[in-house]
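The values are calculated or read from the model by the stated rules, or taken from the named source; none is laboratory data. Given the structure is predicted, the values throughout are model-derived calculations rather than measurements. Positions of Cβ are generated from backbone atoms using ideal geometry, with glycine treated the same way; all protein chains shown enter the neighbour counts. Ligands, DNA and RNA are excluded from the accessible area calculation, which covers all protein heavy atoms including side chains. Shrake-Rupley method; radii C 1.70, N 1.55, O 1.52, S 1.80 Å.
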Amino acid sequence: MSYIRDINLAPSGNDKIEWVRRNMPILRSVEETFRRDLPFKGLKIALSIHLEAKTAYLCRVLAAGGAEMYITGSNPLSTQDDVAAALAAGGLNVFAIHGCDAEEYEKCIAMVCEPGPDIIIDDGGDIINMMHNKYPELEKKVYGGCEETTTGIVRLRAMEKDGELRFPMFAVNDADCKHLFDNRYGTGQSVFDGINGTTNLIVAGKKVVVAGYGWCGKGTAMRAKGLGAKVIVTEVDPVKAIEAVMDGFEVMPMAEAAKLGDVFVTVTGCAGVITEEHFYNMKDGVLLSNAGHFDVEVDVAKLREIAVETREMKPNIMGYKLSNGNWLYVLGEGRLVNLAAGNGHAAEIMDMSFGIQALCARYVADHRGEMPVKLTAVPREIDDLVARTKLASLGVTIDTLTAEQEKYLNSWQV
């Protein structure tokens, strides 16, 4: 059972999945273990993550562990139709179409909820939100789940605070082997892969404004600097602002940065970061992009409303002419630029994140009914296993503490 664009696209999707599989040694190791142990036998897993090749390989790894998979994307523009077709052709249940409208997107989320999942793997909280609001009768069946991204964790914390979270969830985004690498190195590279590949413009010499200096913002600013840009950071958190200053970046409010920037990248996880008051102060020809989960950081709806002329300049670049004569260019409709206008994070980076996801899903299966109903940190042993597997794949070895060192570090007596 699937809802996809065209099953005949499967061969192209299979080629993409096979390529990333070759470059994801952690998931290959997990797949081998899952095939042997079948930890998900008899269980249904509902998954909503950006549906491209790396995600598809994660789905195949979970299916190898015996899971009955129900799969959708977490953003209409990040779904790759050939990858969805490849999964469907392999017998998995897939509900995702690139470029679908909001109503179709909601329909696809509903399709993975309706079978009654035992485990949920989410990216941004769309499945969790729908299960709690539209399918409360199915919630008792859920043993637990995993949340991939910062925005989803924010939602879950709010639900937990309000006493509305009704099954256990792992904060996968907070695992060291996720946010330290995926959010920083993954976002940093993939943002500029998307921008450069879409615009064919140079970064060197330009002023790049990075809104938000969390791990994703740190990675974006670092890569912009490495490409020769002059980087400006905007922040609301005073500690992160100091960190950006000490990392060598200019820090100022968006109202000031709007007048100076050539390229804007929002990575805050918040709404209304770049708004009408900023648009009119921007230079002619600026590039506006977003790398936060939802398309609410750049107020594209307001920009569309106030524009006196709108024109698609080339695929994934929409131009908006303001009454002052300046053109502002929005990349990927203000959605995640690294996925809406690119292929997302590198396979080697997502190998670590999806290794965490797969092993946390197994933890839920192995401890079904035992986990507390709350947002839970990823067990340290899972983080360490992923890190050690990654090091081994790189041919790197590290030291081990001696018994005497262990005793020293765990004793208060000198």
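Quick one: His179 ticks every box in (1) out of contact with any strand residue (DSSP E or B) (no Cβ under 9 Å at 6 or more places or on another chain); (2) at pLDDT 95 or above bar one, so which box is it?
With respect to (1) out of contact with any strand residue (DSSP E or B) (no Cβ under 9 Å at 6 or more places or on another chain); (2) at pLDDT 95 or above, His179 is out only on (2).
Within segment 142-254, considering only strands (runs of 3 or more DSSP E) that don't extend past its boundaries, which have at least 2 residues that are closer than 18 Å to Gly292 by Cα and of a type outside the set (Asp, Glu)? Working first, answer last.
On the way: elements: 144-147, 169-171, 207-211, 230-234.
Because the criterion is at least 2 residues that are closer than 18 Å to Gly292 by Cα and of a type outside the set (Asp, Glu), the strands (runs of 3 or more DSSP E) in segment 142-254 that meet it are 207-211, 230-234.
Please go through segment 106-129 and give me each residue that is open to solvent by 10 Å² or more (accessible area, probe 1.4 Å) and of a type in the set (A, V, I, L, M, F, W, C), ordered by number.
Ala110, Met111
Collect the residues in segment 6-21 that are assigned to a helix (DSSP H, G or I), of a type outside the set (A, V, I, L, M) and over 21 Å from Met352 (Cα atoms), keeping them in residue-number order.
Of segment 6-21, the ones assigned to a helix (DSSP H, G or I) are 7-21.
Next, only the ones that are of a type outside the set (A, V, I, L, M) stay: 8, 11-16, 18-19, 21.
Listed by number, the residues that qualify are Asn8, Pro11, Ser12, Gly13, Asn14, Asp15.
How about segment 148-170: which of its residues are of a type in the set (Phe, Trp, Tyr) and more than 14 Å from Ala377 (Cα to Cα)? Spell out the reasoning first.
From segment 148-170, those of a type in the set (Phe, Trp, Tyr) are 167, 170; that's our starting set.
If the condition is that a residue be of a type in the set (Phe, Trp, Tyr) and more than 14 Å from Ala377 (Cα to Cα), then Phe167 is the only one that fits.
Select from segment 46-102 the residues that are of a type in the set (Val, Ile, Thr) and without any contact (Cβ under 8 Å) to a residue 60 or more places away in the chain and write down the one among them that is surrounded by the most Cβ atoms within 10 Å (Cβ to Cβ).
That would be Ile71.
Across segment 39-54, what is the number of residues that are farther than 20 Å from Tyr363 by Cβ and either among the small types (Gly, Ala, Ser) or not in a loop (DSSP other than H, G, I, E, B) (or both)?
2
Could you say whether any residue in segment 184-196 is farther than 26 Å from Lys314 by Cα, out of contact with any Ser or Thr (no Cβ under 6 Å at 6 or more places or on another chain), open to solvent by 50 Å² or more (accessible area, probe 1.4 Å) and of a type outside the set (Phe, Trp, Tyr)?
Yes, the conditions are met somewhere in segment 184-196.
Per-residue answers, yes or no, for (1) open to solvent by less than 90 Å² (accessible area, probe 1.4 Å); (2) over 22 Å from the mean Cα position of the chain (by Cα); (3) modelled with pLDDT under 95:
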| site | (1), (2), (3) |
| --- | --- |
| Ala358 | yes, no, no |
| Tyr363 | yes, no, no |
| Leu375 | yes, no, no |
| Arg380 | no, no, no |
| Asp384 | yes, no, no |
| Arg388 | no, yes, no |
| Leu401 | yes, yes, no |
| Ser411 | yes, yes, yes |
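Suppose we filter Gly194, Gly212, Gly163, Gly217 for residues that are on the phi > 0 side of the Ramachandran plot and touching a strand residue (DSSP E or B) at 6+ places or on another chain (Cβ under 8 Å); which single one remains?
Of the residues listed, the single one that is on the phi > 0 side of the Ramachandran plot and touching a strand residue (DSSP E or B) at 6+ places or on another chain (Cβ under 8 Å) is Gly212.
Which members of segment 315-341 meet the condition of being buried (at least 24 other Cβ atoms within 10 Å of the Cβ) and either of a type in the set (Asp, Glu) or assigned to a loop (DSSP other than H, G, I, E, B) (or both)?
Arg335, Ala341
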